[in-house]
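What follows is a set of notes on a single structure, which appears directly below.
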Number of protein chains: 4
Amino acid sequence: MRIRILATGGTFDKEYDELTGRLFFQDTHVPEMLRRGRARLDLELETVTMMDSLDMTADDRARIVKRCRDAEERAIVITHGTDTMVETAHALADARLDVKTIVLTGAMIPYAFGSSDGLFNLGSALSFAQVLPAGVYVAMNGQHFAWNACRKNRATGVFERTT
Amino acid sequence: MRIRILATGGTFDKEYDELTGRLFFQDTHVPEMLRRGRARLDLELETVTMMDSLDMTADDRARIVKRCRDAEERAIVITHGTDTMVETAHALADARLDVKTIVLTGAMIPYAFGSSDGLFNLGSALSFAQVLPAGVYVAMNGQHFAWNACRKNRATGVFERTT
Amino acid sequence: MRIRILATGGTFDKEYDELTGRLFFQDTHVPEMLRRGRARLDLELETVTMMDSLDMTADDRARIVKRCRDAEERAIVITHGTDTMVETAHALADARLDVKTIVLTGAMIPYAFGSSDGLFNLGSALSFAQVLPAGVYVAMNGQHFAWNACRKNRATGVFERTT
Amino acid sequence: MRIRILATGGTFDKEYDELTGRLFFQDTHVPEMLRRGRARLDLELETVTMMDSLDMTADDRARIVKRCRDAEERAIVITHGTDTMVETAHALADARLDVKTIVLTGAMIPYAFGSSDGLFNLGSALSFAQVLPAGVYVAMNGQHFAWNACRKNRATGVFERTT
């Protein structure tokens with residue numbers, strides 16, 4: 001069983017630019033995270049975009065949907081900013097890719113900053129992607145949520161079940 | 001759905017004693033790891049023992065089995081040294097706790113040492129425990145293995161499917 | 001010999017706000033850094049301001065100068081953003097606090113982000129402050145510079161001798 | 001001004017062997033530490049030995065003394081296990097290398113373990129080596145001690161002035 005990982009940026013991949021003092025995106029940290037996690041999965045990693053999910057447009061979402069539709073793999077993990085993760089999940093559900101298990105995950109703290117939740121979330125998302133039935137899910141806070149049954153609580157930073 | 005976590009030690013929980021220069025066990029790091037992972041699960045954590053799994057006796061395993069049998073939860077994650085994780089999985093399978101999903105996991109690098117795989121594995125194990133059918137499993141390297149279908153390759157440090 | 005540490009913010013103390021996704025200042029990390037460094041010095045820590053040094057005004061600098069003038073200690077370390085560290089050094093030199101050894105230091109990467117140079121720089125600055133003669137210095141990159149003989153190279157991020 | 005760094009091992013350079021579960025020595029971490037500290041010093045790094053200082057023999061100390069005597073540099077920093085650092089300092093003082101400033105330093109926690117004091121100590125030792133007069137010193141806990149005026153308190157892990 002092969003899993004495709006689509007990296008789209010988000011807090012997961014933010015870095016600190018020491019010359020400007022600002023956060024920015026460069027390459028995805030997913031390969032380093034997989035090495036640290038000693039993952040021995042059949043994985044295909046692809047960077048679709050590297051951006052803050054607040055800046056994502058309908059076009060960006062359409063590209064993510066297209067990459068999922070075109071992918072040969074039945075299991076897909078998408079690393080994504082948490083702010084609009086649920087929106088992208090909706091776009092994916094609308095696309096009715098009914099034979100695929102798609103799991104979106106992200107992080108509240110950049111992986112590069114040492115104290116990140118990203119490694120926990122990536123381990124979680126890859127695991128859910130292997131065993132959940134076809135559908136679109138969000139994996140955050142150790143839980144999995146159906147695409148239409150969760151939201152990010154902006155005040156607390158955690159994902160909540162809505163139904 | 002509540003998950004019980006049984007901490008038994010292993011590399012996960014090794015620490016460096018700066019006065020003696022040796023590795024030792026103190027308290028489990030699981031609570032700190034759950035905080036870092038921002039886990040929002042209904043969890044019950046219990047320390048059964050804090051030891052190197054190479055030092056585990058049949059008595060220690062019997063205690064772990066008993067704790068699983070007595071637990072009210074149907075989902076159980078056991079943090080365990082990797083060297084004899086499969087042995088403990090066998091002991092658990094022999095106990096025929098047929099309604100429970102039990103997932104053993106561990107780490108190759110101590111969590112306290114920064115570059116650990118432990119957070120990835122804990123995220124993975126907690127996720128598998130929520131969705132796999134009843135049975136005894138090992139979750140390592142991003143994968144899950146049936147208790148009777150894996151071994152640790154001592155030369156490479158990774159878990160392999162045996163069947 | 002007692003050393004006063006004046007914390008003013010700068011990259012040293014930047015943190016990641018996981019709710020807004022932005023960098024911000026909260027409390028100084030100097031106490032945690034001193035614990036990690038196992039410093040056994042007679043230290044007095046005082047937070048003068050917590051800000052990006054690019055935002056520092058003449059008033060802010062006047063407050064720093066005043067705190068140095070009023071301090072009873074002859075050795076002072078100032079943690080400071082690197083961008084205008086040399087400007088503050090000039091303001092301090094202009095104040096002619098001739099009996100004091102004042103060492104400014106900073107960091108290129110926030111201490112909270114794991115891969116920071118801050119701990120190295122703090123160890124360096126505290127050491128220089130104990131042995132250099134009275135004067136105003138910048139301690140960065142393992143070196144010490146007289147206040148009027150260095151600049152930050154914005155393209156490379158390192159401090160250079162100008163004379 | 002060029003500084004020679006002699007790496008001899010000690011806690012500084014201990015690593016965790018994930019296959020055996022034991023601490024061991026491989027290469028020195030000093031180059032990585034200098035990169036992290038963004039050191040811009042004229043440095044010559046040499047590994048004399050990689051060992052626990054409790055295992056050091058008179059022969060090992062003689063090699064360290066010889067390397068200091070033969071070195072062209074007037075400033076030398078030695079990374080060393082803390083347990084017998086003072087013994088090596090004595091051996092160096094006995095050698096009467098009167099024109100050289102030699103600073104020994106170490107760590108209580110291995111650099112590879114994330115929470116190490118090593119980076120602080122290295123920054124401190126390199127700074128003291130640049131400004132202290134000729135002599136043999138120990139730099140630990142942010143302080144510098146004359147070779148014959150300090151000891152490691154084994155119960156607390158800190159260095160203390162003895163006179």
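Side notes on the structure shown:
- When the charge dipole of the range D:15-59 is built from unit charges on Cβ atoms (+1 for Lys and Arg, -1 for Asp and Glu) and taken about the Cα centre, the candidate among D:Ala58, D:Leu34, D:Leu19 whose Cα reaches farthest toward its positive end is D:Leu34.
- Computed with a 1.4 Å probe over protein heavy atoms only, the accessible area of C:Arg36 comes to about 70 Å².
- Chain B: angle of helix B:118-131 to the longest principal axis, Cα-based, in degrees nearest 10: 10 degrees
- Mean residue ellipticity at 222 nm, helices only, chain D: -8000 deg cm²/dmol; runs of at least 4 DSSP H residues each add -39,500 (n - 2.57), and the sum is divided by the number of residues.
- Contact order for chain A, expressed relative to its length and based on alpha carbon pairs under 8 Å spaced 6+ residues apart, stands at 24 percent.
- A Gaussian network model of chain D, with springs between Cα atoms under 10 Å, assigns the largest mean-square fluctuation among D:Thr47, D:Thr57, D:Thr105 to D:Thr57.
- For B:Asp42, the distances from its label point to the matching points in the remaining copies are 3.8, 5.9, 7.0 nm, ordered from shortest, with each point set 7 Å beyond Cα toward Cβ.
- Proximal aspartates and glutamates to B:Lys152, defined as alpha-carbon separation beneath 12 angstrom and excluding residues fewer than eight positions away on the same chain: B:Asp83, B:Glu87, B:Glu160
- For the range D:78-142: rounded, prolate or oblate by the Cα gyration tensor [a/c cutoff 1.5]: oblate
- Quotient of Cα Rg and 2.2 N^0.38 Å for chain D, N being how many residues it contains: 0.95
- Cβ-based net charge around B:Thr82, under 14 Å, with every Lys or Arg adding one and every Asp or Glu removing one: -3
- Placed amide H near D:Phe159: partners under 5 Å, 5+ positions off or other chain: D:Asn153
- Exam field: C:Arg154 pseudo-label spacings to other copies (7 Å along Cα-Cβ), nanometres: 3.4, 5.7, 6.1
- In the full protein context, chain B carries 39 Å² of accessible surface per residue, based on a 1.4 Å probe and ignoring ligands, DNA and RNA.
- Backbone amide hydrogens, once placed in the peptide plane, bring B:Ile5 within less than 5 Å of B:Glu44, B:Leu45, B:Glu46, B:Val77, excluding anything fewer than 5 places away on its chain.
- Summed buried accessible surface, chains D and C, 1.4 Å probe, nearest 100 Å²: 2400 Å²
- Using the Cα coordinates of the range A:29-104, the gyration tensor eigenvalues translate into equivalent-ellipsoid semi-axes of 21, 16, 10 Å, sorted from longest to shortest.
- Pairs spanning more than 20 Å between alpha-carbon atoms, out of B:Lys66/B:Lys100; D:Lys14/D:Lys100; C:Lys14/D:Lys14: D:Lys14/D:Lys100; C:Lys14/D:Lys14.
- log10 of Debye I(q)/I(0), alpha-carbon scatterers only, for the range C:1-66 at 0.16 Å⁻¹: -0.63
- Other copies of D:Gly135: label-to-label distances in nm, shortest first, labels 7 Å along the beta-carbon direction: 2.0, 7.1, 7.3
- Counted charge near A:Val65, where neighbours are those whose Cβ lies closer than 13 Å (Asp, Glu -1; Lys, Arg +1): +2
- Taking Cα atoms only, the orientation of helix C:85-94 departs from the longest principal axis of chain C by about 30 degrees.
- Residue and whole-Å distance for the chain C Cβ lying nearest the axis of the C-onto-A rotation are C:Gly114, 1.
- Close amide H contacts of B:Leu104 (hydrogens built in the peptide plane, cut-off under 5 Å, sequence separation of 5 or more or a different chain): B:Ile78, B:Tyr137, B:Val138, B:Ala139.
- Karplus-derived HN-Hα couplings along the range B:67-76 (A = 6.51, B = -1.76, C = 1.60, θ = phi - 60°), whole Hz, x at Gly and Pro: 5, 5, 5, 6, 5, 6, 6, 8, 10, 9
- Computed over the protein assembly as shown, Cα set: Rg, Dmax in Å: 27.1, 81
- Cα-based shape type of the range B:113-163, given that a ≥ b ≥ c are square roots of the gyration tensor eigenvalues and the cut on a/c is 1.5: oblate
- GluC sites (Glu not before Pro) within the range A:45-100, DSSP loop, no more than 10 other Cβ atoms inside 10 Å: A:Glu72
- Surface composition of the protein assembly as shown: carbon and sulfur make up 44 percent of the accessible area, probe 1.4 Å.
The values are calculated or read from the model by the stated rules, or taken from the named source; none is laboratory data. Predicted model, so just to flag it, every value in this text is computed and none were measured. Note that each Cβ is placed from the backbone with ideal geometry, even for glycine, and that neighbours are counted across all protein chains shown. When the accessible area is computed, the model is the full protein with side chains, heavy atoms only, and any ligands, DNA or RNA have been set aside. Shrake-Rupley method; radii C 1.70, N 1.55, O 1.52, S 1.80 Å.
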